[in-house]
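One structure below.
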């Protein structure tokens, strides 16, 4: 049982991997520094929060704020009242939010109780929840050096920390780019919103490649359960060596062993590619709110770490040609891997923890 005299930090993160994983990385760092952590979240934490190092997880109601939707506003108000009661009872030194509307009630409650607060933005475009919350918090921490959409009134609060990820332990092992021999290790994954697209598109790409290039590929690809059989059949028909799964428990290790990654460009993906140091062809999720995945990908590509291919412009033959050119250009891939390492921030969790402690110190001064 934890000692209630140990200082507490309350974390607020919606129950999706993109929000919970950086919160988890920060929590692990805070625990190492002698803090306790608790989590305010929503029902989805049961899917993503199994390993979260919090002594308690508080389920708090939330919703997208809209005056035109009275039920949503009622949920937010109930969540705010519940969060306020929890904060009064638990007495944290600070509240740290990670975006998404589950951060709303805890941050507003913290502001009303004069508890120091921080929001962390994972993407290169400030999310709608964080944009509204930025007026209430002491500090806005960012994953990217340049963040779009920050209100003028909050610009003085911005601090670049990077995006905390769980793959930091792989940095030293993964810093050496794998030697290119006969095999070319390729990893393709898209997350819950991208796996189907790659399952539909990549078989066409490999079918369009020359046999000699295709024979070199050793593929790891994430597919949805319902797509596994048909994609496996398609790859077997062209003699492609492939391992397909709906979920890889060791994906960071797979990335570390890759010569090239093909992926979406969510904030956690970009952060892990940078920490491990691997080049990527990125296909941003189309129609994403605020075009955040496109901005994430552009930041990575502008650093020389990868290539952006908008989905609406993709065509199997031209994509196969691009893949073939990269496979044949080891110096280009190695240089991109080095650029990815420079883009990554392996100390992001430490930097964010420093920022939280600084906000606490300023508030108590």
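If you take the residues of the stretch 311-320 that are in a helix (DSSP H, G or I) and surrounded by 14 or more Cβ atoms within 10 Å (Cβ to Cβ), which of them is nearest to the chain's Cα centre (by Cα)? Restricting to residues being in a helix (DSSP H, G or I) and surrounded by 14 or more Cβ atoms within 10 Å (Cβ to Cβ), the top hit is 311.
The set of residues in the stretch 127-170 that are under 19 Å from the mean Cα position of the chain (by Cα), touching a residue at least 60 places away in the same chain (Cβ under 8 Å) and crowded, with 19+ Cβ neighbours inside 10 Å comprises 127, 141, 143, 144, 161, 162, 163, 164, 165, 167, 168, 170. Would you check if there is a residue in the stretch 221-238 being assigned by TED's automatic domain parsing to the domain that holds residue 182, buried (at least 20 other Cβ atoms within 10 Å of the Cβ), under 16 Å from residue 259 (Cβ atoms) and touching a strand residue (DSSP E or B) at 6+ places or on another chain (Cβ under 6 Å)? Checked against the condition, which is being assigned by TED's automatic domain parsing to the domain that holds residue 182, buried (at least 20 other Cβ atoms within 10 Å of the Cβ), under 16 Å from residue 259 (Cβ atoms) and touching a strand residue (DSSP E or B) at 6+ places or on another chain (Cβ under 6 Å), the stretch 221-238 yields at least one hit. From the list 246, 207, the lone residue that is loosely packed, with under 15 Cβ neighbours inside 10 Å and not assigned by TED's automatic domain parsing to the domain that holds residue 23 is 246. Residue 265 meets the conditions (1) within 16 Å of the chain's Cα centre (by Cα); (2) over 29 Å from residue 290 (Cβ atoms) in every case but one. The failed one is (2). Does at least one position in the stretch 87-101 carry a residue that is part of a helix (DSSP H, G or I), assigned by TED's automatic domain parsing to the domain that holds residue 38, crowded, with 20+ Cβ neighbours inside 10 Å and more than 26 Å from the chain's Cα centre (by Cα)? Yes. Please verify whether residue 182 is at pLDDT below 95, over 23 Å from residue 344 (Cβ atoms) and surrounded by fewer than 20 Cβ atoms within 10 Å (Cβ to Cβ), treating the condition exactly as stated. Judged against the criteria, residue 182 is a match. If the condition is being surrounded by fewer than 18 Cβ atoms within 10 Å (Cβ to Cβ) and part of a helix (DSSP H, G or I), then the stretch 299-310 contributes only 302.
For the stretch 257-292, filtered to residues that are free of Cβ contacts under 8 Å to residues at least 60 places away in the same chain and either crowded, with 24+ Cβ neighbours inside 10 Å or in the same structural domain as residue 126 (by TED's automatic domain parsing) (or both), the residue that is nearest to residue 148 (Cα to Cα) is 265. There is no residue in the stretch 321-333 that is surrounded by 21 or more Cβ atoms within 10 Å (Cβ to Cβ), touching a residue at least 24 places away in the same chain (Cβ under 8 Å), not in a helix (DSSP H, G or I) and not assigned by TED's automatic domain parsing to the domain that holds residue 127. Answer yes if at least one residue in the stretch 335-344 is modelled with pLDDT under 95 and not in a helix (DSSP H, G or I), and no otherwise. Looking through the stretch 335-344, at least one residue is modelled with pLDDT under 95 and not in a helix (DSSP H, G or I). When the test is whether a residue is modelled with pLDDT under 95 and part of a helix (DSSP H, G or I), residue 154 passes it. For beta carbons closer than 9 Å, sequence separation of 6+ or different chains, a first residue in the stretch 180-194 that is assigned by TED's automatic domain parsing to the domain that holds residue 16 and a second that is modelled with pLDDT of 90 or more and not in a loop (DSSP other than H, G, I, E, B), there are no qualifying pairs.
The values are calculated or read from the model by the stated rules, or taken from the named source; none is laboratory data. Values in this document were obtained by computation on a predicted structure and should not be read as measured data. Positions of Cβ are backbone-derived with ideal geometry, glycine not excepted, and every protein chain shown enters the neighbour counts.
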